[in-house]
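Just so you know, all these numbers are worked out from the coordinates, no wet-lab data involved. Not measured: the values here are computed from a predicted model. Every residue, glycine as well, gets a Cβ built from its backbone with ideal geometry; the counts of neighbours run over all protein chains shown.
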Amino acid sequence: MRLTEEQQLLRDAVRVLADEKIAPRAAEIDRTATWPEDVRALLAKHDVFAIPFDERHGGLGSDLLTLCLAIEQISRVCATSGLILAVQALGAIPIQEAGTQEQQDRWLPGLASGEKLIAFGLTEADAGSDPSGIRTRAVRDGDEYVINGTKRFISHGSVADYVVVFAATNPDADKASRRLSAILVETDRPGFKVTRVEHKMGIRGSPTAELAFDNLRVPVANRLGEEGQGFSIAMKTFERSRPGIAAQAVGIAQGSLEVAAAYARERRQFGKPIADLQMVQAMLADMDASTESARQLLYAACEAIERGYGDAARWAAICKLVAGDAAMRVTTDAVQVLGGYGYIDEYPVERMMRDAKITQLYEGTQQIQRLIVARSLLAGS
Amino acid sequence: MQILVLTKPVPDPAAGAERLGPDNRLDRAASPTVVNGNDEYALEAALQLVEAHGGEVVILTMAPANGTETMRKALALGAVRGIHVTDEALAGADLPTTIRVLAAAAAQEPFDLLLGGLDTSDGAGGAVTAGVAACLGLPLLSAAAAIEPDPAAGRVRVRRLSARGYDLIEAPMPAVISCTQALGAPRYPSLKGIMAARSRQIASRSLADLGEGLAPADGAWATKVVASEPPVTRAAGRTITAAPADAAREIADFLADRRLI
């Protein structure tokens, strides 16, 4: 696939920032499991947050592929940092897709500049793959909703200024998919509480929070779309957000491949670099093939989704499925190429292997992706 | 303040692919190009000066037709427009010609300061910025580590690197300043800067636009490169594997033998 001149320029500029400013921070971000406020400031200063936003909101007005190129380049050196962009897009898409002009003008400029952060609050302890089990309630009281409930595994939940909360406004609706509404909650409202930040295997600098809402009041004007549209807004959001996770996966795979190839040229055993050994060459070749296949599929998926071919959910699911599995396989092999050195934190591949795992889990497990692909394949036949 | 900055596209040192072609001239297709390192420091200093004192930065480049690609990188950092001197008759130009041509192009632009790198990474002349000052009859403040203009007084002070530390030198503006890394690291472009640079104006100037007699006819340059050889490969190093105290003594003896300590 041929990238436009604009896409190449922006990708290359982000790559320089990633290599020179973010890569030196990656190991420490992982080791200390602290939110990298400096990386957020860097991405804001250089307009990286602006990529997926309209120019009228201070954005660059770039397409989905350009956003994915940026996430890929940053994730190549630091998956936590790449996720900053992906989560910002994930939270913003409901506003872009379902928000009124007034809501967009109110919230998107702060997100485009990176001054404000947003999180996506769908998952609960008992409602992950199956959002129909969501128990958080939003009860109308005059011009306000009163929200009660708990969300779990919310990326950036403890650092975000806004959370798009999916809550049941119509618990008795005929169809489970009509129970929910999407409501933007400012996190400085009384009744909003961060009750827990998870200790994780990977993406350790990215805070994953449990959020509690205790009689939290928000204006009805904060609702995105109509009452009962929450589920369809969430599904529509995933069509544009899952490619971002695929991009994160491709970036992690590429990063580990580069480390493994460089190591193989330097590491000497049996009197020669291990890169001269065919068994090592075969592993590196398979890693490269897996990574490039996932990358090209992702780019094609972005094009298909952007042009509105109508099977966006399928494209989004396929690219995340393939890229997530590729990242897990490639990073595991990268550890193998480095042998014992791959297993210790002196080299970055063990971190990349831990980071890769999440791409098979969040924004829909790989099993859910397969379900979506199968449904699309078998529909109407 | 109006600041003109000389920015030369050079082979990217990070790519390590710089080489001469069969005519002993730089093979420009062999390597991606970037803005010359010291020119980037000059540009950064210029951008900071206009941020502090107002005004604008314009870049001046003498390069083949595709030099605009590298000029866009400089524009992305904040220069408002570019002047691109390009003419096939200048391919392989020697130092005196390069200096005369750049001076003629600079003379067509109003400026308070003209900044350029102390030297370039793809040539060892190190004379262009100074030469332009001489050609224009302007004061040269060389090897700048800091630039402090006083626009109201129409004067500029420069801290010049010296073996003793710094010399503080002063001159009336307009003036020419040759720049070093001591000025501070160049910034990274913002993505909006990159997008804006695509539509910024780059005015093309041919030799004919700049006046007569600037370049010798038929490329009869004063000097030409007749051969090029890579540096001699260093012999293998010596590894000392003795116990720490003995190894230290051996290393000290080795250095003392060569009068290095």
Cα gyration tensor category, rounded, prolate or oblate, for the protein assembly as shown with a/c compared to 1.5: prolate
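Restricting to Cα pairs below 8 Å that are 6+ residues apart, what does the relative contact order work out to for chain A? Please round to a whole percent. Each step should come with its number before you reach the end.
Values: 765 pairs, mean separation 62.5, N = 381.
This gives 16 percent for chain A.
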Sparse-neighbourhood loop sites, chymotrypsin sites (Phe, Trp or Tyr not before Pro) in the stretch A:293-363 - DSSP loop, at most 12 other Cβ within 10 angstrom: A:Tyr309
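Counting other Cβ atoms within 10 Å, which trypsin sites (Lys or Arg not before Pro) in the stretch B:221-261 have at most 11 and lie in a DSSP loop?
Details: sites: B:Lys224, B:Arg234, B:Arg238, B:Arg249, B:Arg258, B:Arg259; in loops: B:Lys224, B:Arg234, B:Arg238, B:Arg258, B:Arg259.
The qualifying sites are B:Arg234, B:Arg238, B:Arg258, B:Arg259.
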For peptides A:223-235, A:273-285, sequence by mean Cβ density within 10 Å, most packed first: A:223-235, A:273-285
Fraction in percent of alpha-carbon pairs per bin - 10 Å, the stretch A:1-112: 14, 46, 30, 10, 0
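Just to be sure I understand: of the beta bridges DSSP finds with both ends in chain A, what percent are antiparallel, rounded to 5?
On the way: 31 of 36 bridges.
Bridges in chain A that DSSP calls antiparallel: roughly 85 percent.
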Reduced Cα scattering model of the stretch A:290-381, Debye log10 I(q)/I(0), q = 0.18 Å⁻¹: -0.81
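Step through the table entries A:Lys45/B:Lys73; A:Lys236/A:Lys320; B:Lys8/B:Lys192; A:Lys21/A:Lys45; A:Lys116/A:Lys193, compare each Cα-Cα distance with 20 Å, and write down the pairs that go over it. Intermediate values should be presented prior to the final figure.
Numbers: A:Lys45/B:Lys73 18 Å; A:Lys236/A:Lys320 15 Å; B:Lys8/B:Lys192 23 Å; A:Lys21/A:Lys45 13 Å; A:Lys116/A:Lys193 18 Å.
Where the Cα-Cα span goes over 20 Å, the pairs concerned are B:Lys8/B:Lys192.
Only counting other Cβ atoms within 10 Å, I'd like B:Cys179, B:Cys135 sorted with the fewest neighbours first. Please report the intermediate quantities before stating the final value.
Working: B:Cys179 29, B:Cys135 18.
Placing the least packed residue first, the sequence is B:Cys135, B:Cys179.
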Rounded to 10°, Cα long-axis angle of helix A:312-338 versus longest principal axis of chain A: 40 degrees
Between helix B:37-53 and chain B: long-axis angle, C-alpha atoms, 0 to 90°, nearest 10: 50 degrees
Alpha-carbon centroids, the stretch B:203-220 and the stretch A:228-245: separation in whole Å: 61 Å
Principal axes of chain B: Cα extent on each, largest first, Å: 68, 48, 39
Sorted largest first, extent of chain A alpha carbons per principal axis (Å): 79, 50, 41
Rounded, prolate or oblate (a/c below 1.5 giving rounded, otherwise prolate when a/b exceeds b/c) for the stretch B:97-194 by Cα gyration tensor: rounded
CD proxy at 222 nm, helix term only [per DSSP H run n ≥ 4: -39500 (n - 2.57); per residue of the protein assembly as shown; nearest 500]: -13500 deg cm²/dmol
Taking the stretch A:69-160 and dividing mean pair separation by its residue count, relative contact order in percent (alpha carbons under 8 Å, at least six apart): 23 percent
